[in-house]
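Okay, structure first, notes after.
The values are calculated or read from the model by the stated rules, or taken from the named source; none is laboratory data. Nothing here was measured: the structure is a model prediction, and the numbers come from that model. Note that each Cβ is placed from the backbone with ideal geometry, even for glycine, and that neighbours are counted across all protein chains shown. Remember, those area values only see protein heavy atoms, side chains included, never the ligands or the DNA or RNA. Shrake-Rupley method; radii C 1.70, N 1.55, O 1.52, S 1.80 Å.
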There are 2 protein chains.
Amino acid sequence: MADVAARAGVSLSTASLAFSGNKPVSPATRERVLAAAASLGYAGPNPLASNLRRGRSGVVGIAVGRLSTAFRDPAALPMVDAVSDVLDAAGFGLLLMGDDAEHARLPLDAVIYDICGRETWTSYDDLVARDVPMVVVEGPAWPGTTLIDIDHRGGARALARHLHDLGHRRVATLMLEPSHPQREREAGLREVFPDAEVVGSCASDHDAAQAIVSDYLAAEPDVTAIVCQSDVQAAAVVVEARRRGLDVPGDLSVGGFDGITTPWLDLELTTVEQPLADKGRATAEAVLARIAGEPAHDVVLPVVLRVGGSTGPA
Amino acid sequence: MADVAARAGVSLSTASLAFSGNKPVSPATRERVLAAAASLGYAGPNPLASNLRRGRSGVVGIAVGRLSTAFRDPAALPMVDAVSDVLDAAGFGLLLMGDDAEHARLPLDAVIYDICGRETWTSYDDLVARDVPMVVVEGPAWPGTTLIDIDHRGGARALARHLHDLGHRRVATLMLEPSHPQREREAGLREVFPDAEVVGSCASDHDAAQAIVSDYLAAEPDVTAIVCQSDVQAAAVVVEARRRGLDVPGDLSVGGFDGITTPWLDLELTTVEQPLADKGRATAEAVLARIAGEPAHDVVLPVVLRVGGSTGPA
DNA sequence: TTGTATGCGTTATCAA
DNA sequence: TTGATAACGCATACAA
C-alpha cells in the first residue's frame, strides 16, 4: 500500500482511507489511488494485516460436528442458510468446526454451537479463555453464552394432545440421543401421556430409525401411535410400518418434529413445525450483537402443530 | 506474551518458542512459561498477530453456493467431510462461501470451487489478483487452478452399455443443469445411444425431478429406460413411475449417478458410483500442496457401475 | 538452548 | 481533506 500511495502522490494514511472509506477522501484523490493500485496490480489491503490492526477476522465458527451427520437431516440446512445470509450481509464468513481444540489457533470472532444432540464441546474452555463470544442453539446454555432455543416442550405437548383428541391412549416414542431438546420434548409428551413407552433412541437418520422401529414393531406392541422427535425418523417409521403391512394412519398414527417436506412419501407428516430460518436469523443477530460488544438476550421461538395425513383416529 | 515472558523470567522469543514448539526449548523453561501463562490467564498466541507474521490464516474457503441447494443432495456431504478431515488434520478450517465478492476481505489461504453445476464464480478474478490458490472440483478448470475431476464420461458410457446389453434401444435422459459434468456424461451416454431423448433438465432435487418426469411420462413416451444424472433424480423417477402404475424395472428401467444409498426406496438403484471421499481427500491434498507452494497435478478419479434392482431387461 | 532486534501491512489517533 | 506517527502481537534471522 505504501508503493501505491507513493505512486499516487499521497500519504500512506490517505491511501488506506481511499480503500476503506472510513473517512472522507476527495473523489479525485481516491481516483488516483485506485488507478495507482490498478497499475501496480495491488488488490486491496492485505486481510491478515487488516485483521490484526482491527482486532477482527470476519470469521465466525459454527460447530456442527461431522457434516454428513449434521446435514443428513434436511432440517439443519435452512437454519444454517439463514445464519449465513445474515452474517454474509455483515461481511462475516462461516467456518465449519468439528469439535477438536485445534481450532483454537484459527482467527474466530465468535462461535455458534449448533447443538445437534451433543451435550459437551471440548473447545468451550479454550474459547472462554480467549473471550470469544459464543451462541448456543437449542441449549443447554453454558455460562457466558447466549441461547437461541425453540419451544420444544410446548410443541411436543401440542402433538400429544392432538393424538389424545384422536382417541389414542397407548402411545410410544422414538427418541433422539440424550440432549436438551430431547429431554424437553419428552417432558411435553409425558404431560399428556405419562406412561408413553420408549421405542428406542437414535440420531435423526432414516436407516437407524427404521432398524430400531423394525425390532419394535416385530414384537407386535400394543400401541396405536408413535411420536418421533424428527421428521426423518417419522418418515422411516411410516416406511417400516407399511413394509410390515400396517396402514398409516389406519393401524398406526405417526407424529414427527421439524416441519420439513418429505417428497418421497405420498403423505404429509403430522409434525411440529419449527421456524428454522427464524432460528438462524436470531442466531446470527445474537452473534453480531456479541461481536459488537452489545448485550444479546436469549431467545425462545414458538413452534406450531401442522396436522398432516400420518395421524388419524385411534 | 511479553508479560508472560517477563513473569517466567525469559525473553519474548523464548516464550514464543515455548508456545509454538518451532525450535527446541528446555522442558524446564517451557514449564515455567506455561505456568506463567496460566497464572496470567493468557490463552496462547493471538491468532490474528500470528497470522500476519506467518502470512497465513489457516482458513480455506469452499464455494458451494447456497447450503440448502448444495447439500440437499446427500452426495455432496461425504466429499466435503473428507475435505474437512484432511484440512483439520493439517490445522486448517473450512469456510463456507457463497458467490459474492465480499469474501475478498476475509483471510483465505486457498479456495475450493465445488462446482455444483455452476459455470462461473464472480470471486475468481479477485482471488487471482490476490494470488490465492484455487482448486476446482469437477471442472471446468480455469487458468491457474488445479482440477479434481471424476470420469463422468466413462461412467455414463458404462451405464449406457449395461442398458444396451439388457436390450434397451429407446432410452431417455434426465439431465442436470448445463455444466461440465453434465456435458461429459451426456457425451458418454450418446456414445451408446446417439439419439437418446431428453426428458428435461433440473437440479439434483427430488421435487423438481419428479415434476419434470411426471409431465414426460404423462405423454406415454416410447422409452424403456431413463438415465438420470444423480441418484436423487433417479429415486424421484422411480417414485413417479410407480405412482403412475409402472413397474420398475419391469416396465421401465432407471439409472442413476453418484452411488448414494436411498433407504426410503425398497430397491437399490443401478448407479454409477463415484469415490466421494477420495474426491474430497484429493481436493484437500491439492489445497495443501498449493498452500505449501508445491505444484499440484490435476486428478481424474475412476468410477464404477453398480448394478442394482432398478434396471432389468427391456 | 536462549536472547536481541526487526518487520509483517495495516488502521487509528492526532494535528495540520 | 490530508499527513506523520504509533501501535496491533507475534515469529524468525541471527548472534550469543
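A few remarks follow.
- Qualifying positions in region B:60-70 - in a helix (DSSP H, G or I) and buried (at least 20 other Cβ atoms within 10 Å of the Cβ): B:Leu67, B:Ala70
- Within region B:244-254, not a single residue is in contact with a helix residue (DSSP H, G or I) (Cβ under 9 Å, 6 or more places away or on another chain) and either within 12 Å of chain A (Cβ to nearest Cβ) or within 12 Å of B:Ala75 (Cα to Cα) (or both).
- Checking B:Val303 against (1) closer than 18 Å to B:Leu87 by Cβ; (2) β-branched (Val, Ile, Thr); (3) touching a His at 6+ places or on another chain (Cβ under 9 Å), the condition it does not meet: (1)
- Qualifying residue in region A:161-179 (condition: open to solvent by 50 Å² or more (accessible area, probe 1.4 Å), over 18 Å from A:Pro313 (Cα atoms) and among the basic types (Lys, Arg)): no
- A:Asn51 vs. criteria within 7 Å of chain B (Cβ to nearest Cβ) and over 20 Å from the mean Cα position of the chain (by Cα): yes
- Single unsatisfied condition, A:Arg56 versus (1) in contact (Cβ under 8 Å) with a residue 60 or more places away in the chain; (2) more than 13 Å from DNA strand C (Cβ to nearest atom): (2)
To keep it simple, each residue is scored yes or no on (1) within 24 Å of A:Val299 (Cβ to Cβ); (2) among the basic types (Lys, Arg).
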position	(1), (2)
A:Gly139	yes, no
A:Trp142	yes, no
A:Asp151	yes, no
A:Arg161	no, yes
A:His164	no, no
A:Gly167	no, no
A:Val171	no, no
A:Leu174	no, no
A:His180	yes, no
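- Residue among A:Ala225, A:Ala236, A:Ala203 that alone is small (Gly, Ala, Ser) and open to solvent by 10 Å² or more (accessible area, probe 1.4 Å): A:Ala203
- Among the conditions (1) closer than 21 Å to B:Asp266 by Cα; (2) in contact with a Cys (Cβ under 8 Å, 6 or more places away or on another chain); (3) not in a helix (DSSP H, G or I), the only one that A:Thr262 does not satisfy is (2).
- Filter result for A:Val272 (more than 28 Å from the chain's Cα centre (by Cα) and open to solvent by less than 20 Å² (accessible area, probe 1.4 Å)): no
- A:Asp73 satisfies every condition listed in (1) away from DNA strand D (no atom under 16 Å from the Cβ); (2) part of a loop (DSSP other than H, G, I, E, B); (3) within 10 Å of chain B (Cβ to nearest Cβ) except (3).
- Identity of the residue in region B:99-140, open to solvent by 50 Å² or more (accessible area, probe 1.4 Å) and in a loop (DSSP other than H, G, I, E, B), that ends up farthest from the other protein chains (Cβ to nearest Cβ): B:Glu119
- Residue within region B:31-43 that is of a type in the set (Gly, Ala, Ser), without any contact (Cβ under 8 Å) to a residue 60 or more places away in the chain and within 9 Å of DNA strand C (Cβ to nearest atom) present: no
- Taken over region B:54-68, residues that are under 13 Å from the mean Cα position of the chain (by Cα) and more than 7 Å from chain A (Cβ to nearest Cβ) amount to 5.
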